[in-house]
Amino acid sequence: MGNQEFERSPVTANRLQPARHFAASYAGEHVAGTEFVIGAMFVTWGVGTSDILLGLLLGNLLAVLTWALVCAPIAVNTRLTLYAYLEKIAGPGTIKLYSIVNGTLFCVLAGTMITVSASAVRILFDIPPQVDWYPTSVGFVAIALIVGAVVVAIAAKGFKRVAQFAEVCAPWMILMFFAGALALLPLLASMTPGIDSISSFSDFKTAADQYIWVASSNSELGLWHVAAFAWVCNFAMHGGLSDMTVLRFARRANYGYFSALGMFIGHFVAWICAGVMGAGAALLLKTSVAVLDAGEVAFQALGAAGIIAVIIAGWTTSNPTIYRAGLAFQSLNPKWDRVKVTMVTGAVTTIIACFPFVFSKLMDFVSIMGLILAPVGAVIVTEHWIFPKLNLTRYWSSYEKHFTNWAAVIAWGGALIAAILCYSIGVHQFFLIIPSWITATVIYIVLAKMMGATKSYPAEQQREAAQQQQREAEEKTFLHNLATKHTRGNKIATGGKLTLLKWIAITSLVFCASLAIACAQGTFALAVFQSWLIWPSMIYFVSATLWAIGRDKQESAEVKYLAVDHELQS
């Protein structure tokens, strides 16, 4: 794919990526180091086990549906980044303002992920936990800078390399959350009166009610707050449409449903497992989970493998986040090189990561981030889908050659004012996105009607329709050929080496899982489990990385042949 990321133009058919890249990207990005943080924070909310489980199911379902039914169809229909499409709708003036706000927020978010990774590395050097808003150790700063450099190097390679990195890491990362929770279940069972082991959901709930999600009569939070947080914590990506930047490479719109891997295996399962690990680690250390960082929680559950898990989990999330931030800032000036902009963005992000305040205020930050960016998503959804139903003209501001679409800017600002007013009368911050989204939609429709959306622009509309039809036809032809043809008449053979590497990787994961199950059953002690787990984990990464490299070469050869074949037919 090189460095061709189509920052300003639609993605061409031969650059569309297969389903597995999106499955791995969503699973990798949302099975992250921050899941250790969020999962542990739920333990401190004073919300009971039943409300936690039901709330997470509902909220994550809403998130998946928003990705699949809102974000992905628009991304696939336009094949544009959020920034290119917003500029088409709202003009260069609006996109400059939005890109600065959006890019800055993503820098802070990526900085959080790097901080989480650094929290694991600091254990190796006996650096104390960083619990203040500023760093208290030069060693921690050095670690954050090194971790950040690795993340930025991967993000600068573009979407394909980011997705390939996640493809290797995601299966192991998912397994580590399960393994850590299973390994600490015997500890929780031994501390819970009335049960000897956790062999059923009833046993698990009994232990969870006493040591993990302990309901408090003083808590103001409940099921709907949990559901709302699960929905809004990534609202900037799905409802705010930032993931158009990723999903524009999807061969089909239904790839948006791969977000379920991130939401249910990632957020739902990972947050639950992180809660179990956090509670178990607190019991082992005889302290409160509130004072433990992600690195300490993972280390107490998984040993050395836990340190690797947190490092990689931070990487798999910060990589695509810095990629998004780089595209945001690159959109300020089309002449800027995306790779260089991403490198500079990553440098700023790494400096932010040296300050642990981004780690300690994560849950508040992600909800505020979604709230700030949501109205822009509402404007885009309104213009893309609602305008045609109201007989209003898409891209009217562009056809009028406005530098700034003031209807969009006022709608954005008005929605934020509405959110502030709702918050001032007692609406919880997790629920503010709903009135904000509705306000932005109504204001934009009203002002756009007044400013020119009711007009017809025949020449521009015909040109736009013709370009869309031509691109869709080329895409349909290419994807048909991809599904029915083989390179030089035969699909490139996988080869014995790749098959062997794949099975070595799978066997390594099975062995890791077997160790966790044996530990949960009391076959051997936690310390033995931790000392053995690192070895099959290392074998997995070596074999899976070699398999991914070989598989990429094979697929590149197939796509290259089909691209040449398509040009000859044309």
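Could you list, in their original order, any pairs among Lys340/Lys401; Lys96/Lys401; Lys340/Lys361 whose Cα atoms are separated by more than 21 Å? The partial results should precede the final answer.
Details: Lys340/Lys401 30 Å; Lys96/Lys401 16 Å; Lys340/Lys361 30 Å.
The answer is Lys340/Lys401; Lys340/Lys361.
Count Lys and Arg as plus one, Asp and Glu as minus one, and take only other residues whose Cβ is under 15 Å from that of Leu302; the net charge is then -3.
The chymotrypsin sites (Phe, Trp or Tyr not before Pro) of region 512-541 that DSSP puts in a loop, and whose beta carbon has at most 16 other beta carbons within 10 Å, are Phe524. Summed over the residues of region 234-327 and divided among them, the accessible surface reaches 20 Å² per residue at a probe radius of 1.4 Å. Segment Ser217..Ile434, full-extension length gain: 75.4 nm, with 0.36 nm per residue of separation and the alpha-carbon distance subtracted.
Leaving out ligands and nucleic acids, note down the accessible area per residue over region 1-154 with a 1.4 angstrom probe, in whole Å².
Numbers: 4620 Å² over 154 residues.
Heavy-atom SASA per residue in region 1-154 reads 30 Å².
Heavy-atom accessible surface of region 373-448, averaged per residue, reaches 43 Å², computed with a 1.4 Å probe.
Extension gain for the segment Asp209 to Leu332, taken as residue separation times 0.36 nm less the Cα-Cα distance, is 39.2 nm to one decimal. Which net charge results for the neighbourhood of Leu362, defined as the other residues with beta-carbon distances under 13 angstrom from its beta-carbon, given Lys and Arg at +1 and Asp and Glu at -1? Combined, the nearby Lys, Arg, Asp and Glu give -2. Projecting the Cα atoms of Leu175, His384, Met263 onto the dipole axis of the chain, where Lys and Arg carry +1 and Asp and Glu carry -1 at the beta carbon, places His384 farthest toward the positive end. Estimated from the Cβ-Cβ distance and a Förster radius of 51 angstrom, the FRET efficiency linking Leu54 and Lys455 is about 0.55.
For a quick check of your reading of the filter: which chymotrypsin sites (Phe, Trp or Tyr not before Pro) in region 380-489 sit in a DSSP loop and have no more than 14 other Cβ atoms within 10 Å? Don't jump to the answer; show the numbers that get you there.
Details: sites: Trp385, Tyr395, Trp396, Tyr399, Phe403, Trp406, Trp412, Tyr423, Phe430, Phe431, Trp437, Tyr444, Phe478; in loops: Tyr395, Phe403.
For chymotrypsin sites (Phe, Trp or Tyr not before Pro) across region 380-489 that sit outside H, G, I, E and B with at most 14 neighbouring Cβ atoms in 10 Å, the list reads Phe403.
Rounded to the nearest whole Hz, the Karplus-based 3J(HN,Hα) values (6.51 cos²θ - 1.76 cosθ + 1.60, θ = phi - 60°) of region 451-460 follow the sequence 9, x, 6, 7, 6, 10, 10, x, 5, 5, with x at glycine and proline.
Hey, got a sec? Which trypsin sites (Lys or Arg not before Pro) in region 383-461 land in a DSSP loop and have at most 14 other Cβ atoms within 10 Å?
Values: sites: Lys389, Arg394, Lys401, Lys449, Lys455; in loops: Arg394, Lys401, Lys455.
Those that pass, being in a loop and sparsely packed, are Lys401, Lys455.
Keeping the other protein chains in place, figure out the carbon and sulfur percent of the accessible area of the chain, with a 1.4 Å probe. Mind dumping the intermediate values first?
Working: 15020 of 22670 Å².
Whole-percent figure for carbon plus sulfur exposure: 66.
Apply the a/c threshold of 1.5 to the C-alpha gyration tensor of the chain and tell me whether it is rounded, prolate or oblate.
On the way: a/c = 1.92, a/b = 1.33, b/c = 1.45.
Here the chain falls in the oblate category.
Take the Cβ-Cβ distance between Ser137 and Ile351 as r, set R0 to 25 Å, and report the resulting FRET efficiency rounded to the nearest 0.05.
Working: r = 16 Å, r/R0 = 0.63.
That pair, Ser137 with Ile351, gives E of 0.95.
Classify region 418-536 as rounded, prolate or oblate from the Cα gyration tensor: take a ≥ b ≥ c as the square roots of its eigenvalues, call it rounded if a/c is under 1.5, otherwise prolate when a/b beats b/c and oblate if not. It comes out oblate by the Cα gyration axes.
Of the residues Glu35, Glu474, Glu400, ranked by 1.4 Å probe accessible area with the largest first, the sequence reads Glu474, Glu400, Glu35.
The value of relative contact order for the chain, using C-alpha pairs under 8 Å at least six residues apart, is 27 percent. With 0.36 nm allotted per residue and the present C-alpha distance subtracted, the Val101-Thr12 stretch has 29.2 nm of extension available. A cut-off under 14 angstrom between Cβ atoms defines the neighbours of Asn234, and their net charge, with Lys, Arg +1 and Asp, Glu -1, is -2.
Could you tell me which residue out of Phe431, Leu54, Ile114 lies farthest along the dipole of the chain toward its positive end? Charges go on the beta carbon: Lys and Arg +1, Asp and Glu -1, centred on the Cα centre. Of the candidates, Ile114 comes out farthest on the positive side. Its Cα centre serving as origin, the chain has a Cβ charge dipole (Lys and Arg +1, Asp and Glu -1) of approximately 1700 debye.
The values are calculated or read from the model by the stated rules, or taken from the named source; none is laboratory data. Bear in mind that the values here come from a model prediction, so they are computed numbers and not experimental data. So basically every Cβ, Gly included, is an ideal-geometry build from the backbone, and we count neighbours across all protein chains shown. Keep in mind that these areas ignore ligands, DNA and RNA; they rest on the heavy atoms of the full protein, side chains included. Shrake-Rupley method; radii C 1.70, N 1.55, O 1.52, S 1.80 Å.
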